[in-house]
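The values are calculated or read from the model by the stated rules, or taken from the named source; none is laboratory data. The structure presented is a predicted model; accordingly, all values stated were derived computationally and were not measured. We place every Cβ from the backbone using ideal geometry, glycine too, and count neighbours over all the protein chains shown. What goes into the accessible areas is simple: the full protein's heavy atoms, side chains included, and nothing from ligands, DNA or RNA. Shrake-Rupley method; radii C 1.70, N 1.55, O 1.52, S 1.80 Å.
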Amino acid sequence: EKGEKQHTQTHINPLPFPFSSPLQTMVKDKRKKKKEVEDPHFVKAPKSFIFKTGIVLPSVKTLRDDIRQLMKPYTATNLKEGKNNELKDYLNIAGIYSVTHFLLLSATDFGTYLRIAKVAQGPTLTFRIVKYTLCEDLLANEIKSKPPPPEIFNHSPLVVLNNFPSNSEHLKLTSIMIQNMFPSINVKEIDPQDCTRVVVFSYDKETNSIEFRHYQIRLSIVGINKNVKKLVKNRIVNLGKFQDISDYILG
């Protein structure tokens, strides 16, 4: 008696190429058997998928977009979430794009949660989100505020960990996980012009909570008078009433 083999098929909703990093160039010519050509920083940098699971409020979807903004340029800003996509679907494509971390937002009757998972062997950290402020809310409440220029997201933010105790194993693991989500920095090689953002993670011992804030860094010239500063910044200056440019600088 011959037995029949049963074949099973797994249906996975297609997910488009998710990364839109300006540091990446791809060569996709399989017929000529060319390998992918990528920026070395992009190859070495940790990469992330940030997505929601289940039903969440619209504000949580906006929070997801804000976190994707924070994690640029090494995160999947174009990642699409299908209704039928499950966690295994993201795991199946994570290896293709060398994704190292998942950040998952979810909600229950008890609150909103953020899980940070190291792909694919773990560990996974779970946080309950106590409160949050969206970028759009900050811009709406600041009189002189304006959206940050898109070029500041061409480089990863600097990471600052504040008040994390070294005698707690789970907080030590947390700090290592946070640091490993961002690329390491070589102080000797880094260009100060590339330091356009900083994210600060602060641990509060009294509330046993972690607060993180995302800032834009602006480089300013110090130690010179305002007239010279205008020239350095390539501003147009009216020198018609001066006999010599030194009169303007010293005036």
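Given 0.36 nm per residue, what is the gain on full extension from Thr124 to His170 after removing their alpha carbon distance, in nm?
Here the answer is 15.4 nm.
Hey, what do the phi angles of the stretch 39-51 turn into as Karplus ³J(HN,Hα) couplings, whole Hz, using 6.51/-1.76/1.60 and θ = phi - 60°, x for Gly and Pro?
Rounded to whole hertz, the list is 5, x, 5, 5, 5, 7, 6, x, 10, 9, 10, 10, 8.
Can you run phi through the Karplus equation (6.51, -1.76, 1.60; θ = phi - 60°) for the stretch 67-72 and list ³J(HN,Hα) in whole Hz, with x for Gly and Pro?
5, 4, 4, 4, 7, 4
Test of understanding: what is the full-extension gain from Glu142 to Ile190, defined as 0.36 nm times their sequence separation minus their Cα-Cα distance?
Contour length minus Cα-Cα distance gives 14.1 nm.
Starting from the stretch 58-134, pick out the chymotrypsin sites (Phe, Trp or Tyr not before Pro) whose DSSP state is loop and whose Cβ has at most 12 other Cβ atoms within 10 Å.
Phe110
Could you tally the net charge around Pro150, taking each other residue with its Cβ under 13 Å from the Cβ of Pro150, Lys/Arg +1 and Asp/Glu -1?
+2
Considering the options Ser106, Cys135, Gln121, tell which one lies farthest towards the positive end of the dipole of the stretch 88-150, charges being +1 on Lys and Arg and -1 on Asp and Glu at the Cβ, about the Cα centre.
Gln121
Structure shown: which of Lys61/Lys144; Lys88/Lys188; Lys47/Lys188 lie over 30 Å apart, alpha-carbon to alpha-carbon?
Pairs exceeding the cut-off: Lys88/Lys188.
Can you work out the PRE-style zone for Asp65? Point 7 Å along Cα to Cβ, and I want the residues of the stretch 77-112 with backbone N under 15 Å.
77-81
With r defined as the distance between the Cβ atoms of Arg213 and Phe110 and R0 fixed at 35 Å, what FRET efficiency is calculated, to the nearest 0.05? Write out the running numbers ahead of the final one.
On the way: r = 25 Å, r/R0 = 0.72.
Plugging the Cβ-Cβ distance into 1/(1 + (r/R0)^6) gives 0.90.
With a 1.4 Å probe and every protein chain left in place, work out the accessible area per residue of the stretch 107-232 in Å², rounded to a whole number.
74
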